[in-house]
1. About the Cα centre, and with charges only on the beta carbon of Lys, Arg (+1) and Asp, Glu (-1), how big is the dipole of the chain? Nearest 20 debye, please.
2. Taking a ≥ b ≥ c as the square roots of the Cα gyration tensor eigenvalues, with a/c under 1.5 meaning rounded and otherwise prolate when a/b beats b/c, else oblate, which class fits the chain?
3. Quick check: net charge around GLN107, other residues with Cβ under 14 Å of its Cβ, Lys/Arg +1 and Asp/Glu -1?
4. Given GLY65, VAL101, PRO41, which one lies farthest toward the positive end of the charge dipole of the stretch 13-115, if we put +1 on the Cβ of every Lys and Arg and -1 on the Cβ of every Asp and Glu?
5. Given points 7 Å out from each Cα along the Cα-Cβ axis, report the GLN107 to ARG45 separation in nanometres with one decimal.
6. Going by average Cβ neighbours within 10 Å, how do the peptides 94-102, 77-85, 23-31 rank, with the highest at the top?
7. Using a probe radius of 1.4 Å on heavy atoms only, what accessible surface per residue do you get for the stretch 15-105? Whole Å² is fine.
8. Give me the distance in nm between label points sitting 7 Å out from Cα along the Cα-to-Cβ direction at SER115 and PHE29, one decimal.
Amino acid sequence: QVQLVESGGGLVQAGGSLRLSCRASGIIFRINDMGWYRQAPGNQRELVALITSGGSTNYADSVKGRFTISRDDAKATVYLQMNSLKPEDTALYYCRQQIGVSWYWGQGTQVTVSS
């Protein structure tokens, strides 16, 4: 059974930085795409950033130039470096990994940006 565990969320002032991590544990034989999503109260969950097995990345327009997604397959971990944070980045952030043919979600980590 695969589990994803996120860490790195917290409270930060506007303009600050946070680094999220998401590590997969269990039977890991092939990790394909990895991504970060977020959901703010009253909003739908949205894609923040995606990285393919080949290293190609895709970002939501709202975070381009501020966030960077990266991966370490040896550690089964995906990262999200978030710089120049804004109050509108406040949300519950979830990671998602495609392992084999199945997708798995983490439990979420809260990011709160104060103005």
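1. That gives the chain a dipole magnitude of about 120 debye.
2. Because a/c hits 1.5 or more and a/b exceeds b/c, the chain counts as prolate.
3. Charge balance in the 14 Å sphere: +3.
4. Of the options given, the answer is VAL101.
5. Result for the modelled spin labels: 1.6 nm.
6. Per-residue mean Cβ counts within 10 Å order the peptides as 77-85, 94-102, 23-31.
7. I get 51 Å² per residue for this part.
8. Output for this residue pair reads 5.1 nm.
The values are calculated or read from the model by the stated rules, or taken from the named source; none is laboratory data. Just so it is clear, the structure is predicted and the values come from calculations on it, not from any experiment. Methodologically, a virtual Cβ is constructed for each residue, glycine included, from the backbone with ideal geometry; neighbour enumeration extends over all protein chains shown. Note: accessible area is taken over every heavy atom of the protein model, side chains too, but ligands, DNA and RNA are not part of it. Shrake-Rupley method; radii C 1.70, N 1.55, O 1.52, S 1.80 Å.
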